[in-house]
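Below is one structure, written out as structure tokens; comments come after it.
The values are calculated or read from the model by the stated rules, or taken from the named source; none is laboratory data. Predicted, not measured: the structure shown is a model, and the values here were computed from it. Quick reminder, even Gly has a Cβ in these numbers, built from the backbone with ideal geometry, and neighbours come from all protein chains shown. Ligands, DNA and RNA are excluded from the accessible area calculation, which covers all protein heavy atoms including side chains. Shrake-Rupley method; radii C 1.70, N 1.55, O 1.52, S 1.80 Å.
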Amino acid sequence: LVNLESEASMVFASSNAKGMRGCSVKLSSKDKQYLEVYKSSDLQFPSVSPFTIEAWVKPRDFTGQHVLVSKYNRGKWGQYFLKLTQNGQVFFHREVAPWGQKAEPTLPRDAFSHIAAVYAEGKARVY
């Protein structure tokens, strides 16, 4: 986990973001809130380094694409993103093979779901 308090000089949140505490932050897409951890080496996973991204999400709608976590600049090896698709599926992409992985079940609207994207031993999995 990246401790947001210890990385305080590198954290930029939208001006109306509320609820930042320790290793968590509460954001609202309705208010277009976001969190940016600027140049944090803790979030870089070079080559085929293993990592896990976890989140609790409560989607209200699936209009458009909802990016949950991203360190992505098209075509740079090792970068990644985790998003919700327009039909409510979780999609994880990494710039090394096996590239993209989509979860088959769709998430329910207006209910919390715990999701995890795991990259290890050359395989990507979404839970």
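Annotations for the structure displayed:
- Listed residues 93, 66 arranged by accessible area, highest first, probe 1.4 Å: 66, 93
- Neighbourhood net charge (9 Å Cβ-Cβ; Lys/Arg +1, Asp/Glu -1) for residue 101: +4
- Less than 5 angstrom separates the built amide H of residue 33 from those of 28, all sequence-distant by 5 or more or on a different chain.
- 17 Å cut-off, amide nitrogen to a point 7 angstrom out along residue 30 Cα→Cβ, residues in the stretch 54-74: 57-63
- Ranking of 58, 30, 123 by solvent-accessible surface, largest first: 30, 123, 58 (1.4 Å probe, protein heavy atoms only, all chains present).
- Net length gained if the chain between residue 120 and residue 65 were fully extended (0.36 nm per residue, minus Cα distance): 17.2 nm
- List 72, 119, 34, ordered by accessible area with a 1.4 Å probe, largest first: 34, 72, 119
- Among residues other than residue 65 with Cβ under 14 Å from its Cβ, the summed charge is +1 (Lys and Arg +1, Asp and Glu -1).
- Heavy atoms of residue 104: accessible area, 1.4 Å probe, square angstrom to 10: 140
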